[in-house]
Every structure is written in C-alpha cells, then in structure tokens.
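The values are calculated or read from the model by the stated rules, or taken from the named source; none is laboratory data. Everything numeric in this text was worked out from a predicted model, so none of it was measured. All Cβ positions, even for glycine, are placed from backbone atoms using ideal geometry, and neighbour counts span all protein chains on display.
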Amino acid sequence: MSAADQAGPILVFLGPTLRLPEAQAALDAVYLQPVAQGDILLAAHAFRPRAMVIIDGQFEDRPSVRHKEILWALAQGIVVIGAASMGALRAAELGPYGMIGVGLIFRWYRRWVLTPDDAVAVQSGPAELGFPPVTDALIDLQRTFSHLMRLGHISAAQRDSLTATARRMNFRDRSIDRILRSEGWGREEIGRLRQQFVRQKGLDALLALKIAPRLSSESIVHHPTEAWVATNTFIRDLQATNIDIDLINYY
C-alpha cells in the first residue's frame, strides 16, 4: 500500500525562509528541519506521509538532498512539492519526473536553467533558534530593487548598480543594509528603503503551504518502481550517512 493510499500527513522541510508560527498558520502539517541527504528516506518511513513539501535544504554542514532520493519518494506514491529555496531548485530539475513546483522562484529556475543556486541561499542561525536568517537571498534583493524602482525610490541605473553589487557578494555576506552602505546610502535612507523589502521566498513558501492539501489530493502519482534504480553512487551516499540501505527496498 502506498503512502498516498494511507492518507498520511503532509511533511514540510522548513528553515530560514519562513518562521514556524507563520507556516503553521497556513498549513497544519508535520514540520521538520531543512532537508539534507537521507532525510526524505527516513521521514517517509517514520511518518508514512501522503505528501512532502520541500522549502529549505542544507548544503554546507551536511550533503544536500539527492535527486535520486526524491525520485524514490515519487516512486512510492508520495506527492513531492517544492518551492522558494532548495525546493524550487529540485522541482525545476525534477519536474519532468513528477515533482511539483510552486511559485515565481520555481518558474524562474525552470526557465533559466543556468541560474546560480546561490541566488536563494542565505546564512541562518542555529536550529535551537528556529534557523533565523542573518543574510538576504539574492532573489529577494533583486525583487526588492525592482520594487523600489517601480515605486520611484531609486532610478533604473541605481537598481542595476545595487543588483550588480549584490551579485558580486558571497551569499554569506549579502544583506540589503550592507549593499546600500557600500553604494553610499545613509542610515535613515536605508531604514526607509528596508521597509519595502520583498520577501519573495517567503511568499512562494506560503503559497506552496496553502495549496499543498489540494495538490496532494488532486495529483495522480504514478508508481514507476520499474524505472527507479538504486545506483551504486546513491547507495554509497546512504552508507556514508549510516542509513540502512534496506530502507529503499521495503516501504
């Protein structure tokens, strides 16, 4: 019996993109930490979900979630939805195989396949504090600068200059305050412009959470178990993280 047939819970892998209370207000689900290698496999066995929503993912302290692992979940009949951050990246890459993408950032990555991954990356605080973001994502900054230009607060030339400065920065250093200071803006001006900050990642995440129940009930998930093959590389990845490889064969 598939996870979808059992009408299990919806799992959400969430970190700095959205604060937990805001997410819980949008969707009653099981909330887990940002996804990394092995987490989808373990969470599937632990919760028997009908759907998973991938928002945030890890990529420095732990290996990022493998495409093969998401394909395994799809093969078990689990609806997998991605948006906003790591979820948007993986959904753009795995859309042809059944993963569902939601939001502007997903569409952006799907259209421009060579867009850098670090456009959605941020530095965040520890899990104990709920992964608070301490930098700003390039995609949010770009959206903010365009928004400020449309409001008449900055010119098109200033928008282009601010965007170029943001792109040159490492994702660990990007913030609207630092960028504006480097371009000569004063404290009062920065405070005024910061009020117009566009959190596109958060908007996409909220949209995904709000429509996840409908997507999980409407989506027809095929079970291409004959097409899913555990490669030697994937097995070695699981073994490297001390995960029982039998979990991929029994679900």
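Here are the numbers:
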{"quantity": "Filter pass, Leu162 being in a helix (DSSP H, G or I), farther than 26 Å from Ala23 by Cβ, out of contact with any Lys or Arg (no Cβ under 9 Å at 6 or more places or on another chain) and not assigned by TED's automatic domain parsing to the domain that holds Val35", "calculated": "yes"}
{"quantity": "Count of region 17-61 residues which are closer than 17 Å to Val120 by Cβ and buried (at least 23 other Cβ atoms within 10 Å of the Cβ)", "calculated": "9"}
{"quantity": "Any hit, region 110-129, residues being modelled with pLDDT of 90 or more, over 15 Å from Asp56 (Cα atoms) and in contact with a Ser or Thr (Cβ under 8 Å, 6 or more places away or on another chain)", "calculated": "no"}
{"quantity": "Condition met for Asp246 (farther than 30 Å from Ala7 by Cα and among the charged types (D, E, K, R))", "calculated": "no"}
{"quantity": "Residue check for Arg143: without any contact (Cβ under 8 Å) to a residue 12 or more places away in the chain, among the basic types (Lys, Arg) and either part of a helix (DSSP H, G or I) or more than 21 Å from Gly57 (Cβ to Cβ) (or both)", "calculated": "no"}
{"quantity": "Condition met for Asp136 (part of a helix (DSSP H, G or I), at pLDDT 90 or above, in contact with a Lys or Arg (Cβ under 6 Å, 6 or more places away or on another chain) and closer than 30 Å to Leu11 by Cβ)", "calculated": "no"}
{"quantity": "Helices (runs of 4 or more DSSP H) (entirely within region 1-97) containing at least 2 residues that are more than 23 Å from Ala137 (Cβ to Cβ) and touching a Gly at 6+ places or on another chain (Cβ under 8 Å)", "calculated": "67-75"}
{"quantity": "Contacts under 8 angstrom Cβ, first residue in region 200-215 being in contact (Cβ under 8 Å) with a residue 24 or more places away in the chain, partner among the hydroxyl-bearing types (Ser, Thr, Tyr), 6 or more apart", "calculated": "Lys201/Thr17; Lys201/Ser85; Gly202/Thr17; Ala205/Thr17; Ala205/Ser85"}
{"quantity": "Per-region count, region 149-159, residues assigned to a helix (DSSP H, G or I) and in contact with a Leu (Cβ under 8 Å, 6 or more places away or on another chain)", "calculated": "1"}
{"quantity": "The lone exception for Val80 - which of (1) in contact (Cβ under 8 Å) with a residue 60 or more places away in the chain; (2) more than 12 Å from Lys201 (Cα to Cα); (3) assigned by TED's automatic domain parsing to the domain that holds Gly15; (4) of a type in the set (A, V, I, L, M) it fails", "calculated": "(1)"}
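So that you can scan it fast, the table gives a plain yes or no per residue for (1) basic (Lys, Arg); (2) at pLDDT 95 or above:
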{"position": "Arg172", "(1), (2)": "yes, no"}
{"position": "Ile179", "(1), (2)": "no, yes"}
{"position": "Ser182", "(1), (2)": "no, no"}
{"position": "Gln195", "(1), (2)": "no, no"}
{"position": "Asp204", "(1), (2)": "no, yes"}
{"position": "Ala208", "(1), (2)": "no, yes"}
{"position": "Ala212", "(1), (2)": "no, yes"}
